[in-house]
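Below is one structure, written out as structure tokens, with a few remarks after it.
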Amino acid sequence: MKTKISIREVAERAGVSTATVSRVLNKSLYVRPELEEKVIRASRELGYVPNRLARGLRIGSSGMIGFLIPDIVNPFFSEIVKGAEDYLREKGYFIFLASSSGDSLKEEELLKALYSRNIEGIGAIILGELPEFVRSISSNLPIVIIDNYQDWDEVSYVFSDNYDGMKKMMNYLIRGGHKSFAFLNGPANTFSSRERLRAFEDVISEENRSFEIHFGDYTFESGRDMLRKLKRIPDAIVCGNDMIAFGAIMELTEMKYDVPGRVSVTGFDDILFSSMTNPKLTTVRQDGYAMGRVSGEILLRKISGQKTNHKILLKTSLQIRGSSNG
């Protein structure tokens, strides 16, 4: 692991005093523009991130929790934020929200931006592999990773049992007599996609059914696009989330396929709209609100001094509705 860059090293690179570096980074006093530019350039070149914990001790508690999500439009992520916000507000804390738009480079950039500010903890939904920066800041700042898991002891996690949820869905469809399948999944590099795919493939392998798999994004548009790429319309289209399922159903409807008469379509998440569509969506329910609330509880325990990290696995359940025959 790289040695953490100090404020003195930044000052030496910029050719200024440590006091000037502190003024620039904390925006506490006026600094001439040319000196400010030197400090900012030196900080970027060295990869320096201000020590948020030390700064917090100097200026006191902010009552702010940073929250990073990949997509502000996706209702499932909004449910997570709502759960965390409701709990934290009860305890006198407020959320500072940032969205990465699913961009891994932007995720790390936003994490560093949150860390450098006077926040007291971070809740982060990171779709792909966790950046090493998460591990490096975990000793200085309480952080909880949500809807993802990586085997790092330094970090706390809250996530759903994606594997069990998808396995329950597949077994339900198999029992319903479906012989051929298509899996329209989210991005291949995400934890949730990998776990759902693993369950899908395990059941398919056991039952020796025909299938095809496509990867896209967790969006309505991606659901439509992946549906159009199918070689043939199978008995059941299993989707990586509800938004993909909505897109697939829309495309099937325009192609004059009856759902569920000709083909069953299922989702994953059970967002609010899943019980409002026609047909209502058969899906796997994971409790995003509870995921957020539990994350808030863990953050406050860590802020209060608890050193233990947590790995919280939440159960899922089937919601059988009108988009499937079973």
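We did not get these values from a lab; they are worked out from the coordinates using the rules stated. Quick caveat: nothing in here was measured; it's all calculated off a predicted structure. Positions of Cβ are backbone-derived with ideal geometry, glycine not excepted, and every protein chain shown enters the neighbour counts.
Quickly run through the stretch 128-144 and pick out the residues that are exposed (fewer than 15 other Cβ atoms within 10 Å of the Cβ), in contact (Cβ under 8 Å) with a residue 60 or more places away in the chain and over 18 Å from the mean Cα position of the chain (by Cα). The answer is none; no residue qualifies. The residues of the stretch 158-177 that are under 15 Å from the mean Cα position of the chain (by Cα) and surrounded by 24 or more Cβ atoms within 10 Å (Cβ to Cβ), listed by number, are 158, 160, 162. Only one of the listed residues (193, 210, 205, 180) is surrounded by fewer than 19 Cβ atoms within 10 Å (Cβ to Cβ) and farther than 21 Å from residue 325 by Cβ. That residue is 205. Taking the stretch 297-317, which residues are surrounded by 18 or more Cβ atoms within 10 Å (Cβ to Cβ) and closer than 25 Å to residue 167 by Cα? Of everything in the stretch 297-317, just one residue is surrounded by 18 or more Cβ atoms within 10 Å (Cβ to Cβ) and closer than 25 Å to residue 167 by Cα, namely 316.
In the set 95, 119, 69, 65, only one residue is of a type outside the set (S, T, N, Q), within 19 Å of residue 155 (Cβ to Cβ), surrounded by fewer than 23 Cβ atoms within 10 Å (Cβ to Cβ) and touching a strand residue (DSSP E or B) at 6+ places or on another chain (Cβ under 6 Å); that residue is 119. For residue 321, the conditions (1) surrounded by 14 or more Cβ atoms within 10 Å (Cβ to Cβ); (2) outside any loop (DSSP other than H, G, I, E, B); (3) of a type outside the set (A, V, I, L, M); (4) free of Cβ contacts under 8 Å to residues at least 60 places away in the same chain are fulfilled apart from (2).
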